[in-house]
Amino acid sequence: MYKRSDFPDGFTFGASTAAYQIEGHSFGGAGRTHWDDFAATPGNVVRAENGAKACDHYHRWESDLDLVQAAGFDVYRFSTSWARVLPDGRGAPNPEGLDYYERLVDGLLERGIRPFATLYHWDVPWFEQQNGGWEGRDTVWHFADYAEAVARSLGDRVKHCVTINEPLTIVNAGYISGDHAPGRRNPLRAFRVAHHLLLAHGASLRRLGVLVPDAEVGPALNLFPVIPRGRADVRLAARIEALVNRLFADPILAGRYPRPVQRLLSLYRRTLRAGDLGLIGQPVDFVGVNHYSHIIVERSWLPWIGFRLVRSTDPNAMHTDMDWQIEPRSFLDTLTWLRERYNNPAVYITENGAAFDDHVEADGSVRDADRRDYLEAYLFMLHRAVEAGSAIRGYFVWSLFDNFEWALGLSKR
Ligand code: GAL
């Protein structure tokens, strides 16, 4: 078992959450979000659950922070909700919302825990969504205004900030498979959404740079090896890799789109404008890495797309309760790829962890042996990446609580 002393001085351990998944969105003057709408549509979320109450963290935050402290974490990564701060997505802030986040941050600092705030973890204010959401370019500038409101209120105390969480999932689940809000199935629009998310990253990074120059800011990207199912899928896998990992990492870390994407760009002339890549490619202070498993690509007859991405190929391998194959080696491969391809950027592991169907025993304990094994195996790979020279600064487990797991509702622990 690893000890802190096995990791470099200053290496931080933390736990992550996201606003809509834990706070309870029906209190404190929060505006409606596109997830409230999505969850209200029958069939979208398991057991028709939603984030109205979630973990009731909005009311229970003090005892929840005591848990973070008792667990010995150095860092707590949470997200501010755009619709709680600006209920209409723009215009006047909700004082109750800002006050809530101020108390949360003060509560963390009082307990000696470093706040690590995420600006966008998937809740678009309803009004903003009505006006096109991430399909529209205006949303980018409204998002930057929201980032500014957060910076003005918390920037004196919060010095670590994630801009956008997992742009790939937003595009893939929100606009291709339709499994997440806003539930679209339109791959043709997906690139526009991806570009606007990248712009929102760049625009908020710039605002924070002006308002809180001593803050460390970066995106949280879900990165993973893309494995071809069979020999016939090798070239396909290389193309898909550009569309999933490098679609976001290249513009942010190298200021350009990957080559296979550049060819697509001619279709989107009005989307990509002069100066955009400069805004997107400004230097970041770190890359947040969310990693759970590898992705396997295989051909399929899905209309428009022609391929399928799955997270499991080997029925005999170990799986989490999400049915994600447990592949710790993929974690090391991802970190090695990042170090080699992008000149060893500073990295925080902003999410890693596993759902298992574990139960609370009569004495109140949980014997989560599977989760311990998972974490041990992934920490082993993390340690190897650090030893190999990757500039990894911290590791945050997903998640602090059982929570609203998006389309899976409260069904996963
Ligand atoms: C990530 C996401 C989290 C959480 C996690 C575990 O993709 O950022 O919000 O849902 O997966 O399932």
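Looking only at the range 296-306, which residues are assigned to a loop (DSSP other than H, G, I, E, B), open to solvent by 60 Å² or more (accessible area, probe 1.4 Å) and within 16 Å of Leu243 (Cα to Cα)?
Within the range 296-306, just Trp304 meets the criteria.
Residues are listed down the side, and each one gets a yes or a no for (1) touching a helix residue (DSSP H, G or I) at 6+ places or on another chain (Cβ under 7 Å); (2) open to solvent by less than 30 Å² (accessible area, probe 1.4 Å); (3) modelled with pLDDT of 95 or more:
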{"position": "Lys53", "(1), (2), (3)": "no, no, yes"}
{"position": "Pro87", "(1), (2), (3)": "no, no, yes"}
{"position": "Asp106", "(1), (2), (3)": "no, no, yes"}
{"position": "Phe116", "(1), (2), (3)": "no, yes, yes"}
{"position": "Asp123", "(1), (2), (3)": "yes, yes, yes"}
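Just checking, which of Ala54, Ala92 is part of a loop (DSSP other than H, G, I, E, B) and within 15 Å of the ligand (Cβ to nearest atom)?
Ala54
Regarding Tyr20, is this residue of a type outside the set (A, V, I, L, M), touching an Asp or Glu at 6+ places or on another chain (Cβ under 7 Å), within 28 Å of Gly174 (Cβ to Cβ) and within 16 Å of the ligand (Cβ to nearest atom)?
In short, yes.
For the range 360-368, state whether one or more residues are out of contact with any Ser or Thr (no Cβ under 9 Å at 6 or more places or on another chain) and among the hydroxyl-bearing types (Ser, Thr, Tyr).
yes
Scan the range 265-282 for residues that are open to solvent by less than 100 Å² (accessible area, probe 1.4 Å), part of a loop (DSSP other than H, G, I, E, B) and not hydroxyl-bearing (Ser, Thr, Tyr) and report the count.
Going through the range 265-282 one residue at a time, the tally reaches 4.
Counting only residues that are at pLDDT 95 or above, assigned to a loop (DSSP other than H, G, I, E, B), touching a strand residue (DSSP E or B) at 6+ places or on another chain (Cβ under 9 Å) and away from the ligand (no atom under 12 Å from the Cβ), how many does the range 328-358 have?
3
Check whether at least one residue in the range 97-106 is more than 16 Å from the ligand (Cβ to nearest atom), basic (Lys, Arg) and without any contact (Cβ under 8 Å) to a residue 60 or more places away in the chain, and report yes or no.
Looking through the range 97-106, at least one residue is more than 16 Å from the ligand (Cβ to nearest atom), basic (Lys, Arg) and without any contact (Cβ under 8 Å) to a residue 60 or more places away in the chain.
One line per residue, one yes/no per condition, for (1) open to solvent by 40 Å² or more (accessible area, probe 1.4 Å); (2) not hydroxyl-bearing (Ser, Thr, Tyr):
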{"residue": "Arg308", "(1), (2)": "yes, yes"}
{"residue": "Thr320", "(1), (2)": "no, no"}
{"residue": "Trp324", "(1), (2)": "yes, yes"}
{"residue": "Asp333", "(1), (2)": "yes, yes"}
{"residue": "Leu338", "(1), (2)": "no, yes"}
{"residue": "Ala369", "(1), (2)": "yes, yes"}
{"residue": "Leu375", "(1), (2)": "yes, yes"}
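Would it be correct to say that Asn316 is at negative phi and modelled with pLDDT under 95?
So Asn316 fits the description; yes.
Mind checking which helices (runs of 4 or more DSSP H) fall wholly inside the range 157-242 and carry at least 1 residues that are modelled with pLDDT of 95 or more, more than 14 Å from the ligand (Cβ to nearest atom) and surrounded by 24 or more Cβ atoms within 10 Å (Cβ to Cβ)?
187-211
The values are calculated or read from the model by the stated rules, or taken from the named source; none is laboratory data. Here the structure is a predicted model, which is why all the values come from computation and not from measurement. A quick note on method: Cβ atoms are made from the backbone with ideal geometry, for glycine too, and the neighbour counts reach across all protein chains shown. Note: accessible area is taken over every heavy atom of the protein model, side chains too, but ligands, DNA and RNA are not part of it. Shrake-Rupley method; radii C 1.70, N 1.55, O 1.52, S 1.80 Å.
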